[in-house]
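One structure is given below, encoded as structure tokens.
The values are calculated or read from the model by the stated rules, or taken from the named source; none is laboratory data. Everything numeric here is computed off the predicted structure, so don't read it as measured data. Note that each Cβ is placed from the backbone with ideal geometry, even for glycine, and that neighbours are counted across all protein chains shown.
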Amino acid sequence: MMNTITIGGLSEKTGVNIETIRYYEREGIIPIPARSEGGRRIYTEADVRRLNFIHKCRDLGFSIKEIDSLLSLVDSGQYTCRKVHELTVHHAKQVTQKIANLKKMEKVLVEMAAQCSKGNVPDCPIVDSLFDQQIL
């Protein structure tokens with residue numbers, strides 16, 4: 001019989017929270033595991049590898065949908081390095097755009113904070129700015 005582990009063991013090996021593992025099962029990106037006679041989930045080394053893949057993708061900012069697409073390619077055996085490269089380059093462009101948006105947000109927040117007198121009065125330029133339509 002191959003080596004199997006429980007959900008707690010899978011969590012320890014991968015650094016992924018148990019509730020997150022259950023969420024990934026519900027989303028269908030991790031197969032529903034076999035159960036022991038006592039009803040406990042039983043995972044294999046293949047599950048460890050798959051969850052490591054998912055965890056690394058999440059750390060890189062891939063969405064569940066993007067990860068599902070990557071895994072579909074891998075699972076079907078229909079992936080090529082070119083296809084994976086295209087998906088990665090597309091994701092990198094999205095990350096670049098998010099960074100640009102975050103820099104804009106940072107600039108606006110710093111400017112708003114600089115306008116604040118920090119006084120104990122109800123007149124606050126930060127609140128006023130948040131009501132303004134033209135923040136970003």
Practice prompt. Read through the list (1) in contact (Cβ under 8 Å) with a residue 12 or more places away in the chain; (2) closer than 30 Å to Leu73 by Cβ, then give the number of the only condition that Thr88 fails.
Written response: (1)
Discussion item. Just to verify a result, which residue in the range 11-66, among those that are among the polar types (S, T, N, Q) and under 21 Å from His91 (Cβ atoms), is surrounded by the fewest Cβ atoms within 10 Å (Cβ to Cβ)?
Written reply: Ser63
Discussion item. Would you confirm whether or not the range 5-16 contains a residue that is in contact (Cβ under 8 Å) with a residue 40 or more places away in the chain, assigned to a strand (DSSP E or B) and under 21 Å from Leu71 (Cβ atoms)?
Written reply: yes
Item to complete: For Glu66, state whether it is under 14 Å from the mean Cα position of the chain (by Cα) and not assigned by TED's automatic domain parsing to the domain that holds Glu12.
Response: yes
